[in-house]
Structure formats: C-alpha cells, structure tokens
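Report on one structure; see the data block that follows.
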Amino acid sequence: MLLGNDDWWRDAVVYQVYPRSFADANGDGTGDLQGVRGRLDYLARLGVDAIWLSPFYTSPLADGGYDVADYRDVDPRFGTLADFDALVAEAHGKDIRVIVDLVPNHSSDQHPWFQAGLRDRYIFRDEPNDWESIFGGPAWTRVEDGQWYLHLFAPEQPDLNWDHPEVRAEFRDILRFWLERGVDGFRVDVAHGMVKAAGLPDVGAKDGPQAEMLGDEQVPYFDQDGVHDIYREWRPILDSYPGGRMAVAEAWVSSPERLARYIGPDELHQAFNFEFMMADFHAKSFRTVIEKSLAEAELVGAPTTWVLSNHDKPRHVTRHGSLARARAATLLMLALPGSAYLYNGEELGLPEVLDLPDELRQDPAFLRRGESRDGCRVPIPWTSGPGCGWRDPWLPIPPEWTALSAEVQEDDPGSTLNLYRAALRLRRRHPALGGGTLSWLDSPEDVLAVERHPGLVVVLNTGEGPVPPGVAGEVLLSSGPLAADGSIPPDTAVWIQRSGSVAGD
Ligand code: GLC
C-alpha cells in the first residue's frame with residue numbers, strides 16, 4: 001500500500017460508483033458493495049486514484065439512496081458494514097482511495113428522528129411558503145395535524161433543521177464514524193443547501209421553474225452565508241485524521257466567486273466545477289469554460305475539478321452527440337490541470353438510454369416533473385453473455401450493450417476502455433499532466449490547442465474538416481484514427497509530445 005500523500009486529491013482521477021448499477025455480487029438485480037470489491041482489479045487496471053461511492057446507506061431508495069434512513073449503516077441490498085470495511089481495506093491495498101457520499105441537507109422520512117416525530121430537527125410550519133421542490137411541485141407536504149414540512153426534493157426527503165444543535169452534533173459524529181472506518185473523503189450532497197434564509201421568505205414571482213439547482217439569482221434556500229459555518233466546523237475534524245482526508249462539494253451556485261467561497265483551508269477542499277459538463281462541443285465554448293475555471297482555481301489557490309458525466313445528467317456520449325466526440329472530450333478533460341471525476345460506464349462509452357419504458361423509471365424527478373435521470377443509471381454491462389452479467393437488473397440493459405461490455409472491450413486495442421486506460425497510464429507517468437499550468441497555442445477557431453508543460457500539447461478539432469496538428473512531435477494518444485498525412489479529423493483529440501517548434505513559426 002503506497003497511499004500517503006496528503007495532497008493526493010489535487011490531481012486525482014476519481015471514479016464515481018453508483019452502487020445500485022455498478023456490479024451485483026449476490027445476483028438480486030441490484031449492485032452491491034461485494035460487487036464493487038469484485039471489480040477493484042478492473043478499477044486498478046483502469047488506473048483511477050480513488051472511487052466515490054454514491055449512497056449505500058440504509059434507505060427506502062425513494063431517491064436512489066439520497067434519502068438516508070440510517071447514516072451509520074449499509075442497506076441490506078448493498079451489503080453490510082463488514083462488506084464496507086473489507087472494501088476499504090482491499091481498495092487501500094490496491095492504492096485506491098475511497099470517498100463516500102454525505103447527504104446532510106435532508107434525511108429519509110424513514111429516519112428514526114422523522115419517524116419519532118422529532119419535528120424540531122426538521123422544518124415544520126403552520127403554513128407553507130411559495131418554495132418549489134427541485135423535483136417539481138410544492139416543496140411542502142402537509143401532515144395529519146395540519147402542519148407542513150419542507151422538502152426541497154421529494155416528500156420522502158424532509159429537509160433537516162441545521163439551526164438545531166443536535167443536527168449539527170449528529171453530522172459531526174457521522175463524519176467521525178466514517179473517518180474512523182478509513183474513508184479518504186466525502187462528497188457533500190447539496191452542499192449549498194442546509195441553511196435557509198431566516199424566516200423562510202417567499203421567493204416571489206419568477207419566470208420559469210423557481211427551484212433550478214443552478215440559478216442566476218440567489219434563492220432563500222440555497223447558498224446562504226450560514227452554510228459556511230458548517231464547513232468551518234467540519235474542516236478541523238477532517239484535518240484531525242491522518243492521510244489527507246478531503247471533502248468535495250456538490251454546490252450549484254450562481255458564479256465562480258460564490259463557488260470559491262466553499263473552498264479553502266478552513267472549509268472544503270474542492271467543489272465540482274459543473275461548467276465543463278455544461279459546455280457545448282465546440283473549441284470556443286470549451287476554451288471559455290476552461291479559462292473561467294482556471295481563474296476560479298486561481299482565486300481559491302486550489303486546482304479545479306473536471307466532470308463530463310455523473311448520475312444526474314445525460315451521459316456525455318449522448319450529450320455531445322457521438323462516441324467520437326465523447327472520446328475527444330475525455331482526452332481534453334484528462335489533460336487539464338486539476339482532478340477529474342469519471343462516472344461509472346463512461347470508460348465503456350455508454351450512451352444515455354433514452355427509451356426506458358415509463359413504468360420502469362424510478363427517478364422521483366420523473367414521477368413529479370417528467371424529467372428522468374434513469375437513463376444514465378442503467379446497470380454496467382460486464383460480459384458479452386445474455387444479461388451482460390446481470391440477472392434481472394433493476395433497470396433493463398439494452399441488448400446491444402453486449403457489444404459495449406467490459407469483456408468485449410478488454411482485448412480490443414481501439415476500445416474506449418483501452419483509451420481510458422492508456423490516458424490514465426500516461427497521466428500518471430507524464431510530468432506535464434496532473435497538476436501544473438497550461439498555455440494556449442494559436443489555432444483556428446474550431447480547434448483548441450493547449451500546451452501542458454513540459455512539452456505536451458493537446459489538440460482538439462471540433463470543426464467540419466481535418467486540420468494539421470500545428471506542432472511537430474510524437475502522437476502519444478489519439479481519441480480516433482488520424483489521417484494518413486497526420487492531420488486530425490473532426491471530433492478528434494490528440495496528445496502530442498512536442499519535439500520542435502510550432503509548425504509555421
Ligand atoms: C444531489 C444528488 C441527486 C439527488 C439530490 C437530492 O443533487 O446528486 O442525485 O437527487 O442531490 O439528494
């Protein structure tokens with residue numbers, strides 16, 4: 001076990017495991033922790049530095065586990081605490097760190113506090129205000145005696161009252177519970193929630209949906225100043241454990257300056273930079289986002305994060321319109337300074353599943369708002385046999401995914417799996433990759449050309465026709481075949497080891 005660098009997260013490649021969909025060891029159709037354990041060799045070979053486990057805690061799964069009924073236990077569908085301990089020990093043995101998801105904004109309505117009627121730990125009122133749920137409909141539900149409770153998400157996810165000292169104490173204790181078990185960090189769910197504006201003022205009239213996660217304006221339930229007190233309470237706890245325990249925020253806020261407030265030596269280590277995930281497949285829009293993100297990193301003195309896919313957004317093969325584009329965007333992402341968060345299945349080039357029958361969709365957002373995140377949560381195809389290695393999976397796997405299975409891609413040098421492996425291998429070895437700086441090279445409008453120092457040039461062609469690489473050197477990796485004359489076809493990215501000066505200089 002080589003773990004030990006406290007700053008590991010600064011340029012880490014973190015692989016998000018959505019446990020329900022990743023790998024199923026006991027054959028019940030739902031993935032589990034033993035399944036993850038069984039795939040650690042696969043992950044080590046892929047070359048990731050850490051895994052982030054989406055929630056595996058005791059939960060009715062009203063929101064896929066983001067509705068936690070017991071923050072200190074494993075849901076029987078996912079295994080046991082002993083399975084978790086074995087997973088952490090074995091992952092560490094393979095130099096893979098483990099980050100767990102923490103869901104502090106709300107619990108499940110099955111949590112013992114809610115069940116016992118401890119209303120002061122939640123947000124109950126005699127009358128609702130005008131707040132809307134992110135999943136659609138009012139953010140308030142009425143209980144039998146006429147009171148209403150707040151849920152920014154599904155009614156099964158009552159918001160916790162962070163003004164209550166017991167709530168704060170409980171979460172400090174939950175942090176310690178998992179830190180003691182050896183976790184290397186936390187992904188903080190809805191990290192901009194928790195604290196609501198005093199008096200719960202109405203939002204007032206607004207055009208369009210009020211409760212967008214990413215709004216232009218501040219709403220009274222997100223990104224309130226008081227939330228930072230919580231992180232200032234948590235940071236000393238993280239710092240009191242050895243080995244570089246970290247936290248990354250899922251915070252949808254209105255500007256890079258506001259996001260920067262979550263990061264720093266007395267708050268959280270990182271925050272997801274979702275702008276890259278929202279960028280169009282065009283050199284100009286990538287460049288705008290990269291420059292903005294790097295400026296933000298400068299602001300906080302910590303490297304930024306890059307994300308192309310996660311369990312909440314359509315997979316980037318589909319979002320960008322083709323596998324070729326997804327592979328090119330991936331090579332761009334993995335060459336940028338900072339850390340990268342991968343989502344399980346993107347290394348297989350999985351597309352979004354668009355044609356799931358409505359009656360099988362389970363996302364509460366679909367039930368309330370008609371928008372479903374199930375298409376990116378379809379189980380991972382492991383084998384080329386029927387069912388792709390799953391028996392009766394909780395969401396059906398498209399039959400054509402046998403061709404995308406890890407087994408089929410394993411020995412195909414041109415597969416997306418082997419592209420990710422090669423990229424991650426190079427990223428570990430090459431001194432210009434990981435942390436560090438970048439400079440922009442002159443390039444046509446549809447081409448993005450970036451130099452990482454020393455001497456690694458990334459060229460991405462988002463135009464209609466082939467372009468010359470613009471620099472002389474050895475092609476280390478390419479997201480797709482290059483033309484016979486060495487030019488870069490559309491929707492293709494290359495990593496070039498520069499050997500001379502910019503062509504045409
Ligand atoms: C976060 C999660 C999402 C979940 C929501 C409520 O945005 O990523 O999956 O539905 O929080 O917990």
Notebook entry, point to check: Looking at the stretch 182-191, is at least one residue free of Cβ contacts under 8 Å to residues at least 24 places away in the same chain and buried (at least 20 other Cβ atoms within 10 Å of the Cβ)?
Noted result: no
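Which one of Gly455, Gly480, Gly463 is open to solvent by less than 40 Å² (accessible area, probe 1.4 Å) and at pLDDT below 95?
Values: Gly480 fails: at pLDDT below 95; Gly463 fails: at pLDDT below 95.
Among Gly455, Gly480, Gly463, only Gly455 is open to solvent by less than 40 Å² (accessible area, probe 1.4 Å) and at pLDDT below 95.
Restricting to the stretch 381-405, name every residue that is among the aliphatic types (A, V, I, L, M) and touching a Leu at 6+ places or on another chain (Cβ under 7 Å). I'd like the intermediate steps shown before the answer.
Keep residues of the stretch 381-405 that are among the aliphatic types (A, V, I, L, M), which gives 395, 397, 403-404.
Scanning the stretch 381-405 gives Leu395, Leu404.
Tell me, which residue of the stretch 262-290 that is of a type in the set (Asp, Glu), at pLDDT 95 or above and within 21 Å of the chain's Cα centre (by Cα) is farthest from His311 (Cα to Cα)?
We begin by selecting, within the stretch 262-290, every residue of a type in the set (Asp, Glu); these are 266-267, 275, 280.
Filter once more, so that each one left must be at pLDDT 95 or above: 266-267, 280.
Restricting the remaining residues to those that are within 21 Å of the chain's Cα centre (by Cα) gives 267, 280.
Details: Glu267: 25, Asp280: 19 Å.
Of everything passing the filter in the stretch 262-290, Glu267 is farthest from His311 (Cα to Cα).
For the stretch 238-246, does any single residue satisfy the condition of being within 27 Å of Leu331 (Cα to Cα), touching an Asp or Glu at 6+ places or on another chain (Cβ under 9 Å), small (Gly, Ala, Ser) and crowded, with 16+ Cβ neighbours inside 10 Å? Don't jump to the end; show me each part of the working.
Residues of the stretch 238-246 that are within 27 Å of Leu331 (Cα to Cα), as a first pass: 246.
In the following step, the residues that additionally are touching an Asp or Glu at 6+ places or on another chain (Cβ under 9 Å) were identified as 246.
Narrowing the set further to residues that are small (Gly, Ala, Ser) leaves none.
Within the stretch 238-246, not a single residue is within 27 Å of Leu331 (Cα to Cα), touching an Asp or Glu at 6+ places or on another chain (Cβ under 9 Å), small (Gly, Ala, Ser) and crowded, with 16+ Cβ neighbours inside 10 Å.
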Notebook entry, point to check: Can you tell me which residues in the stretch 247-263 are open to solvent by 10 Å² or more (accessible area, probe 1.4 Å) and not hydroxyl-bearing (Ser, Thr, Tyr)?
Noted result: Trp252, Val253, Pro256, Glu257, Arg258, Leu259, Ala260, Arg261, Ile263
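For (1) touching a Pro at 6+ places or on another chain (Cβ under 7 Å); (2) at pLDDT below 95, each residue gets a yes or a no:
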| position | (1), (2) |
| --- | --- |
| Gly4 | no, yes |
| Val36 | yes, no |
| Leu46 | no, no |
| Asp49 | no, no |
| Phe56 | yes, no |
| His92 | no, no |
| Val98 | no, no |
Note to self: Between a residue in the stretch 225-244 that is outside the structural domain of His192 (by the TED database) and any residue that is at pLDDT 95 or above, which pairs come within a Cβ distance under 6 Å, given they are 6 or more apart or on different chains?
What the structure shows: none
Item checked: Failed item, numbered, when Ala69 is tested on (1) under 21 Å from the mean Cα position of the chain (by Cα); (2) surrounded by 19 or more Cβ atoms within 10 Å (Cβ to Cβ) -> (1)
Item checked: Residue that is most open to solvent (accessible area, probe 1.4 Å), among those in the stretch 291-336 that are at pLDDT below 95 and either outside the structural domain of Arg20 (by the TED database) or assigned to a loop (DSSP other than H, G, I, E, B) (or both) -> Gly301
Margin query: Considering only the stretch 107-115, I want to know if a residue exists there that is more than 22 Å from Ala197 (Cβ to Cβ), touching a residue at least 12 places away in the same chain (Cβ under 8 Å) and polar (S, T, N, Q).
Written below: yes
Check: If you take the residues in the stretch 125-168 that are modelled with pLDDT of 95 or more and small (Gly, Ala, Ser), which one is nearest to the chain's Cα centre (by Cα)?
Finding: Ala154
Note to self: Given the criterion within 17 Å of the chain's Cα centre (by Cα) and open to solvent by 10 Å² or more (accessible area, probe 1.4 Å), identify the matching residue among Pro393, Pro357, Pro351.
What the structure shows: Pro351
Next item on the list: Quick one: Ala403 ticks every box in (1) farther than 26 Å from Gly65 by Cα; (2) touching a residue at least 40 places away in the same chain (Cβ under 8 Å); (3) not aromatic (Phe, Trp, Tyr) except a single one, so which number is it?
Entry: (2)
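Select, from Pro158, Pro201, the only residue that is open to solvent by less than 30 Å² (accessible area, probe 1.4 Å) and either within 16 Å of the ligand (Cβ to nearest atom) or farther than 30 Å from Trp8 by Cβ (or both). If you could, list the steps in order and put the result at the bottom.
Details: Pro201 fails: open to solvent by less than 30 Å² (accessible area, probe 1.4 Å).
Residue meeting the stated conditions: Pro158.
Taking Val219, is it at pLDDT 95 or above and either of a type in the set (A, V, I, L, M, F, W, C) or in the same structural domain as Ala86 (by the TED database) (or both)?
On the way: at pLDDT 95 or above: no; either of a type in the set (A, V, I, L, M, F, W, C) or in the same structural domain as Ala86 (by the TED database) (or both): yes.
The answer is no for Val219.
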Notebook entry, point to check: List the pairs whose first member sits in the stretch 245-269 and is among the β-branched types (Val, Ile, Thr), whose second member is away from the ligand (no atom under 16 Å from the Cβ), and whose Cβ atoms are under 6 Å apart, counting only residues at least 6 apart or on separate chains?
Noted result: Ile263/Val300; Ile263/Ala302
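Consider the stretch 94-124. How many of its residues are more than 24 Å from the chain's Cα centre (by Cα) and either within 16 Å of the ligand (Cβ to nearest atom) or part of a helix (DSSP H, G or I) (or both)?
We begin by selecting, within the stretch 94-124, every residue more than 24 Å from the chain's Cα centre (by Cα); these are 109-124.
From the residues that got through so far, the ones that are either within 16 Å of the ligand (Cβ to nearest atom) or part of a helix (DSSP H, G or I) (or both) too are 109-115, 119-123.
Residues meeting the conditions: 12.
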Check: Looking at Pro468, Pro431, which is the one that is open to solvent by 10 Å² or more (accessible area, probe 1.4 Å), over 24 Å from Trp306 (Cβ atoms) and in contact (Cβ under 8 Å) with a residue 12 or more places away in the chain?
Finding: Pro468
Next item on the list: Considering only the stretch 1-82, give the strands (runs of 3 or more DSSP E) lying wholly within it that have at least 3 residues that are within 16 Å of the ligand (Cβ to nearest atom) and not aromatic (Phe, Trp, Tyr).
Entry: 13-17
Notebook entry, point to check: What pairs can you find where one residue is in the stretch 32-61 and open to solvent by 10 Å² or more (accessible area, probe 1.4 Å), the other is assigned to a strand (DSSP E or B) and away from the ligand (no atom under 15 Å from the Cβ), and their Cβ atoms are less than 6 Å apart, with a gap of 6+ or different chains?
Noted result: Asp49/Val13; Thr58/Asp70; Thr58/Asp73
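The values are calculated or read from the model by the stated rules, or taken from the named source; none is laboratory data. Since the structure is predicted, the reported quantities are computational estimates derived from the model, not experimental observations. As a convention, Cβ positions derive from the backbone with ideal geometry for all residues, glycine included, and neighbour counts pool all protein chains shown. Protein only, heavy atoms only, side chains kept; ligands, DNA and RNA dropped before computing areas. Shrake-Rupley method; radii C 1.70, N 1.55, O 1.52, S 1.80 Å.
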